[in-house]
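Undergrad: Quick one: this structure, given as structure tokens, is what I'll be asking you about.
The values are calculated or read from the model by the stated rules, or taken from the named source; none is laboratory data. These numbers were taken from a predicted model, which means no experiment stands behind them. We place every Cβ from the backbone using ideal geometry, glycine too, and count neighbours over all the protein chains shown. All accessible areas refer to the heavy atoms of the entire protein, side chains included, with ligands and DNA or RNA removed. Shrake-Rupley method; radii C 1.70, N 1.55, O 1.52, S 1.80 Å.
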Amino acid sequence: MTKNKDLLVIGHTALDYIIKVDEFPKANFSAPISDMKTFNGGAAANVAIVGATLGLKTGLVTAVGDEFKNSDYYKQMEYLGIDTDSFIVVPGEPNPTAFVLTDKNNDQISYFYWGASKQFRNSKSPKIAIKESEAIHLSTGSPEFNWKCAFDAKEKGLFVSFDPGQDLGIYSDAKLKEVIENTSILFGNHFEIERILNTLETDIRGLRELGPDIIVKTCGASGSEIYSNDEKIKIDAIKREAIDPTGAGDSYRAGFLSRFLNGESLEESAKFASAVSSFIIEAQGCQTNIPSFDDVFERMNEFY
């Protein structure tokens with residue numbers, strides 16, 4: 001059958017409260033907030049929206065409250081042509097909400113209210129949406145739901161990418177292993193990849209033998225590293241003033257997949273991804289400064 005989506009993204013759509021502090025308080029202390037704004041976010045929605053802006057035909061499987069389809073956020077998704085037919089709409093529940101605190105060193109602490117996303121756990125895998133897609137990307141969300149989707153996608157021979165992100169801590173060791181076994185590519189920042197290696201008591205080679213042919217580790221200002229076929233590719237970051245690092249990782253994944261799924265090499269995909277994320281950090285919010293394909297391509301060629 002003809003596939004009508006390049007990439008189906010699965011996971012959270014959320015409202016982000018982006019909060020700036022000079023330093024994180026210790027327990028039983030408070031700290032003043034220097035700035036606070038509300039933005040559209042959610043890791044899965046970020047990937048779907050950035051991917052669509054860069055030219056991918058994307059779909060989104062996410063759980064939202066019953067008022068979401070009346071929001072400007074939903075209208076933006078419709079404008080970009082994102083397939084929303086597989087939304088899980090939960091009456092009486094608010095949309096998921098993230099509270100992201102960033103200190104002066106650009107370190108972050110996040111709090112996440114699941115709201116409608118609690119329904120993921122009891123939901124069936126979106127088999128039709130998966131069947132209509134070339135690839136799926138598993139983002140932050142329910143470990144049980146992500147495992148169902150990964151298993152169904154892998155069984156159909158689809159390319160599966162996985163980024164547990166800051167939800168890594170809610171995976172049991174067994175469930176993390178089960179999802180990774182059905183994964184083609186694993187994304188994580190340097191903290192997350194190290195935590196996965198420690199949890200599964202393995203190294204990069206052993207992790208690749210478990211499931212993913214490709215492991216992409218992002219290292220902030222130090223760039224990114226890609227592991228595949230017993231080689232490591234190191235990509236420098238494109239240095240820009242970081243107004244807000246929130247969403248940089250999601251935009252990197254969207255940029256990487258937008259090129260890799262179109263046949264580009266790992267190196268070229270990672271360079272493009274680095275250029276995409278360099279735009280995102282120049283403004284507050286995950287979706288405030290999404291670049292066009294041409295802008296990304298120009299910046300990538302200028303730097304590399």
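Undergrad: Give the residue that is modelled with the highest pLDDT, with candidates limited to residues of region 204-228 that are among the small types (Gly, Ala, Ser) and crowded, with 19+ Cβ neighbours inside 10 Å.
TA: Across region 204-228, the extreme among qualifying residues is 224.
Undergrad: Given the conditions (1) within 18 Å of the chain's Cα centre (by Cα); (2) surrounded by 19 or more Cβ atoms within 10 Å (Cβ to Cβ), report the number of the one that residue 184 does not fulfil.
TA: Of the numbered conditions (1) within 18 Å of the chain's Cα centre (by Cα); (2) surrounded by 19 or more Cβ atoms within 10 Å (Cβ to Cβ), the odd one out for residue 184 is (2).
Condition check ((1) in a loop (DSSP other than H, G, I, E, B); (2) within 22 Å of residue 250 (Cβ to Cβ); (3) open to solvent by 10 Å² or more (accessible area, probe 1.4 Å)) across all residues:
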| residue | (1), (2), (3) |
| --- | --- |
| 15 | no, yes, yes |
| 24 | yes, no, yes |
| 37 | no, yes, yes |
| 46 | no, yes, no |
| 69 | no, no, yes |
| 81 | yes, yes, yes |
| 95 | yes, yes, yes |
| 99 | no, yes, yes |
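Undergrad: If residue 188 meets every condition in (1) part of a helix (DSSP H, G or I); (2) in contact (Cβ under 8 Å) with a residue 24 or more places away in the chain apart from one, which number is that one?
TA: Unmet condition: (1).
Undergrad: For the condition free of Cβ contacts under 8 Å to residues at least 60 places away in the same chain and at negative phi, what is the one hit in 44, 52, 63?
TA: Being free of Cβ contacts under 8 Å to residues at least 60 places away in the same chain and at negative phi holds for just one of 44, 52, 63, which is 52.
Undergrad: Taking region 48-67 as the search range and keeping residues that are within 16 Å of the chain's Cα centre (by Cα) and not in a helix (DSSP H, G or I), which one is farthest from residue 133 (Cα to Cα)?
TA: For region 48-67, the residue satisfying everything is 63.
Undergrad: While we're here: Of the residues in region 9-47, how many are of a type outside the set (Ser, Thr, Tyr), in contact with an Asp or Glu (Cβ under 8 Å, 6 or more places away or on another chain) and closer than 27 Å to residue 64 by Cα?
TA: Residues flagged as of a type outside the set (Ser, Thr, Tyr), in contact with an Asp or Glu (Cβ under 8 Å, 6 or more places away or on another chain) and closer than 27 Å to residue 64 by Cα within region 9-47 amount to 10.
Undergrad: Name the residue that is most open to solvent (accessible area, probe 1.4 Å), counting only residues in region 143-170 that are closer than 17 Å to residue 215 by Cβ and not in a helix (DSSP H, G or I).
TA: 159
Undergrad: Just for region 1-13: of the residues that are open to solvent by 10 Å² or more (accessible area, probe 1.4 Å) and under 30 Å from residue 296 (Cβ atoms), which one is nearest to the chain's Cα centre (by Cα)?
TA: 6
Undergrad: Name the residue, out of 272, 297, that is surrounded by fewer than 17 Cβ atoms within 10 Å (Cβ to Cβ), outside any loop (DSSP other than H, G, I, E, B) and touching a residue at least 24 places away in the same chain (Cβ under 8 Å).
TA: The unique qualifying residue is 297.
Undergrad: Which of the residues spanning region 241-259 are among the acidic types (Asp, Glu) and either touching a helix residue (DSSP H, G or I) at 6+ places or on another chain (Cβ under 6 Å) or open to solvent by 10 Å² or more (accessible area, probe 1.4 Å) (or both)?
TA: Matches in region 241-259: 241, 250.
Undergrad: When the residues of region 125-142 are narrowed to those that are in a helix (DSSP H, G or I) and β-branched (Val, Ile, Thr), which ends up surrounded by the fewest Cβ atoms within 10 Å (Cβ to Cβ)?
TA: For region 125-142, the residue satisfying everything is 128.
Undergrad: Let me ask another. What number of residues within region 275-294 satisfy the criterion of being touching a residue at least 24 places away in the same chain (Cβ under 8 Å) and open to solvent by 10 Å² or more (accessible area, probe 1.4 Å)?
TA: Of the residues in that region, 11 qualify.
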